[in-house]
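The values are calculated or read from the model by the stated rules, or taken from the named source; none is laboratory data. This one's a predicted model, so the numbers in the text were calculated from it and none came from an experiment. We place every Cβ from the backbone using ideal geometry, glycine too, and count neighbours over all the protein chains shown. Please note that ligands, DNA and RNA were not included when accessible areas were found on the heavy atoms of the full protein model with its side chains. Shrake-Rupley method; radii C 1.70, N 1.55, O 1.52, S 1.80 Å.
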Amino acid sequence: MLRVTAENFRDRAADAITSVKKIYQLDDLPRDDNLVIERLLNDTSIQFGIPREVNRIITGESQQNIQPSDVDQVLDDLKAEYDTAAEIFNKLETIDYESARIVAKTAQPARCLTVKMLLLAKRIQERPPRPSDPQRVLISFELKRLGEQYRNLSISSQPEAEEIKRQVAKQIDEWRKVNLFEQKSLNESIFKLLVAADTGRKLSELIDDYPNLNFEVLAARVTQIVGVATSFSGNDYSSTLTKINTLEKEVNEDKVLKEFLKDISFRNRQMQPQTSQLCQ
């Protein structure tokens, strides 16, 4: 029964990690020969003596967003914590209801993973990446082209001027669509992190209470945890910040998780990595 909860937590954590990795990559820039020509002719920052740089421009080679080194470290730590937790969770099938000692071993990696996902959700909310910037580059080039056309019109070219304004309005609309799509992607990643973190919080409570629960109570708690995602109203992302604050408050009300949160938050504020007694 506990294995069901642990696997649910593991799967949600894996889904959240995959989602976060995606938003820290730039979207592919569609190949456009006219755009390539314009850039090669007008971009004075291109270093033509570096074939690799010119090749990336001409081939449209997809490039990952340059992540801050601390983001790389956060994702690496999260993956390591997940691997540790998953390994222990996979062994739960071999233990019986009386094996409280072995069940307790799942607590630390589960709690580390829970707190790290909450903190990563906060980070994305406060300092969001911009994976859709390549689409904004395309729109910016088009706006620049339209601006040049507009400025070169003769006074009598009123119909052409109106057409250019219409095209500019279209590009503005495209920009807004990019913003909305990007925000939706960010919110979905935050949502997945929060669902996984809340599942982990409830799993932590269940592990503490495990030795004193009968089968019926355990079954009811497991059912509640597995259905935790519904409390986050997955299609409504307007209250993301409220959800983060609510979950952080609940974590701080848990005496054990509060110590994990303090420990990891303190390490995140240091310039040099700190040795932790609680998490990797």
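Reachable lysines from Lys255, Cα under 21 Å, same-chain residues fewer than 8 places away excluded?
Lys105, Lys116, Lys122, Lys202, Lys243
What FRET efficiency comes out for the pair Gln183/Asp209, r = Cβ-Cβ distance, R0 = 41 Å, nearest 0.05?
Numbers: r = 39 Å, r/R0 = 0.94.
According to the calculation, E is roughly 0.60.
Over the heavy atoms of Phe181, what accessible area does a 1.4 Å probe trace out, to the nearest 10 Å²?
Phe181 has an accessible surface of roughly 130 Å² with all protein chains in place.
What full-extension length gain, to one decimal in nm, is calculated for Val36 and Trp175 as 0.36 nm per residue of separation minus the Cα-Cα distance? All intermediate terms of the calculation are to be shown ahead of the outcome.
Values: separation 139, 0.36 × 139 = 50.04 nm, distance 2.06 nm.
Length gained between Val36 and Trp175: 48.0 nm.
Taking the Cα centre of the range 104-167 as origin, work out the dipole magnitude from +1 charges on Lys and Arg Cβ and -1 charges on Asp and Glu Cβ, in debye rounded to 20.
Value, rounded to 20: 780 debye.
Would you mind getting me the FRET efficiency between Lys249 and Arg130? Use the beta-carbon distance for r and R0 = 30 Å, nearest 0.05.
Details: r = 29 Å, r/R0 = 0.98.
Using R0 = 30 Å, I get an efficiency of 0.55.
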